[in-house]
Every structure is written in structure tokens, then in C-alpha cells.
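J.: Mind having a look at this structure? Questions to follow.
The values are calculated or read from the model by the stated rules, or taken from the named source; none is laboratory data. Values in this document were obtained by computation on a predicted structure and should not be read as measured data. Cβ sites come from the backbone with ideal geometry, for glycine too, and all protein chains shown count toward neighbours. Quick note on the areas: whole protein, heavy atoms, side chains included, nothing else; ligands and nucleic acids left out. Shrake-Rupley method; radii C 1.70, N 1.55, O 1.52, S 1.80 Å.
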Amino acid sequence: METTSNSQGTSMKKDQIKRIGWINNRWVEIDEFCLPICDRGLQMADGIFETILILNGQPKLLNEHLNRWQYSASILGMSSPPKLNWLEPLIEEGLERTSLNQGSLRLNWTRGNNLTRGITLPKKTSKFDAHRFWLELNSYEPVFHTKSIVISQLERRNQNSLLSKCKTFAYNQAIQARKEANDAGFDDALILNTNGEVCCGTTSNILVHRKNEWLTPRESSGCLPGIMRGEGIKKGIIKEAIIKKEPEEGDHWVFINSLSCHPISSVNNKSLKILKNTKELWETLLTR
């Protein structure tokens, strides 16, 4: 990965563009992004990423996202992705170029070009540093609308897989589960693990408010260790539990991630009480 000056770039006017990215040591509009067709992230979804909220012109919970990014790379046997001291000036420059006050930042890290045909990884040598990094900045407004969900009958999350611990490029299972839900007339899907335990949504963690407690599936269920979920546990607001797929009387269910917090109106056509203050809950978890 090249780490030369990040001030190189095009002469884009910051007032004219809200969707830019940085790749190959220069800033470009998102539509001009170019990746080699042999990149392993493109060919095989062999990459990890983080999506970070930009609020009031600042990336929120950046250290927490970078810690998860580094951990994911480590357990998947990838080289270490860029660290805070290198990323921070680059992010600041991107925000300056766009004058972005509210939006999202995506950090991407792949194993780079596939050097041979097939999935086998090249052997690491002292010269091995083929990994590829790029970032994207987009304007975005957090969303809090109600969702109806269905429990996927076709997809299950493997609680024993290393991939379940990481935010990887491989979203095919989530895509299929949401398609299944949409085809059946629902907004989104809830995915169980292979033991039939409630795990997570397609792009969100699940929270359940039950008997004056906020519950979320155990990390050992195979759910993604989400940043907002983690903040809630750290603050003592949320605790881990085994959650069965049948809602209990009086439950409030919520899908949450770094960019949204959706109250759930029904599960498999069973109506639920709708939580009114999802934005307040979300903002509480953002606050240090």
C-alpha cells in the first residue's frame, strides 16, 4: 500500500461534490473509481470494510471502528490495515473537500490483486504487501422508520465461522435474506444461527426491550459484533442473552447499526409494540 502524501488529487470543488473517494493516492468522484478486475475483493469478496457515521463534520466512534477493522484483519490472516495516525489527516482532507456535515465514511481493505488463478493465497514474503485500501465519503441522513420483518427460512448464520466475526465484503447471504423478505411483502429479514437462535438482521444488530431490560443476542450466536451494540453493552444499557424467535408479550424489537435505528412493527405478521424513541436510544449510544 502506498503511503505518499495524501494531498494529491483533482481540482474538485468542495461545494459541488458530496460523493468522493480516495484511491491510488488521489481523490476522485465515486463514479470515476477504478479497481483492477483481478482485485480479490472484487473477484471473491476477499476484503473487509467499516462504515462510519459522519455527524457535525466528524467521524463518530472512529477508534471503535478501527479496532474492529484491525481485529478482523488479524483473525482472517490479512496484513494490518491503515491505522489512525495515517487515516486521520486523510479523512480530515476529504471532509474539507466536501464540506460534509452529515454522511458516511467507508474504509475498504482487500488482499489486492489475485496473483494466480484460484483462491489460494500467495505465500507471505518480506516483499508481500499487495493489499489495497480505498475510502469513500457520501452524504447520508440517518433513518429511523418502522420496519416489518420476517424470519428467513432459507438463510442461517454460522456461529462457528470466523467470517461471522468480521464485516466482510461478502453480503450475498444478507442480500438473499432481504430478497426473501421483500418477495413475501416484508421490509427486512431476521436471520437465525444454525442452532435456531436469533442472531441478527441483514445489515443490523437486533435489540429487544423486555421487562425493562435491553437484550441482544450473545456474540457467540454468530451475530456481527456491531459498534452500536458494543457501545450499549459497554455502557451497561444492553446485555447479552439467548433470544428465541417468538416475541414475548410487551416486547419492543429494534434493528440498529451505525447509520440507523428501526423500530420493528411485526415479526412474521405478529404485531409488536412500536418503540417511539429509537432516535433517542441511537443518540445515547453515540455519546461518550
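J.: Does region 131-145 contain at least one residue that is open to solvent by 40 Å² or more (accessible area, probe 1.4 Å), farther than 30 Å from Leu35 by Cβ and not basic (Lys, Arg)?
T.: Taking every residue of region 131-145 in turn, at least one turns out to be open to solvent by 40 Å² or more (accessible area, probe 1.4 Å), farther than 30 Å from Leu35 by Cβ and not basic (Lys, Arg).
J.: Among (1) in a strand (DSSP E or B); (2) in contact with a Gly (Cβ under 9 Å, 6 or more places away or on another chain); (3) not acidic (Asp, Glu), where does Ile151 come up short?
T.: (2)
J.: Whether any residue in region 266-285 is farther than 30 Å from Asn67 by Cα, among the basic types (Lys, Arg) and either touching a strand residue (DSSP E or B) at 6+ places or on another chain (Cβ under 6 Å) or in contact (Cβ under 8 Å) with a residue 60 or more places away in the chain (or both) is what I want to check.
T.: yes
J.: On the given criteria, is Leu115 of a type in the set (A, V, I, L, M) and either open to solvent by 50 Å² or more (accessible area, probe 1.4 Å) or within 16 Å of the chain's Cα centre (by Cα) (or both)?
T.: For Leu115, the condition - of a type in the set (A, V, I, L, M) and either open to solvent by 50 Å² or more (accessible area, probe 1.4 Å) or within 16 Å of the chain's Cα centre (by Cα) (or both) - is met.
J.: All but one of (1) more than 14 Å from the chain's Cα centre (by Cα); (2) within 23 Å of Asn257 (Cα to Cα); (3) outside any helix (DSSP H, G or I) hold for Arg106; which doesn't?
T.: (1)
J.: Also, I was wondering about something else. Hey, can you tell me all the residues within region 75-103 that are of a type in the set (A, V, I, L, M) and outside any loop (DSSP other than H, G, I, E, B)?
T.: If the condition is that a residue be of a type in the set (A, V, I, L, M) and outside any loop (DSSP other than H, G, I, E, B), then Ile75, Leu84, Leu87, Leu90, Ile91, Leu95 are the ones that fit.
J.: Among the listed residues Phe128, Phe186, Phe133, which satisfies the condition of being over 19 Å from Leu61 (Cβ atoms), out of contact with any helix residue (DSSP H, G or I) (no Cβ under 7 Å at 6 or more places or on another chain) and modelled with pLDDT under 95?
T.: Exactly one residue qualifies, and that residue is Phe128.
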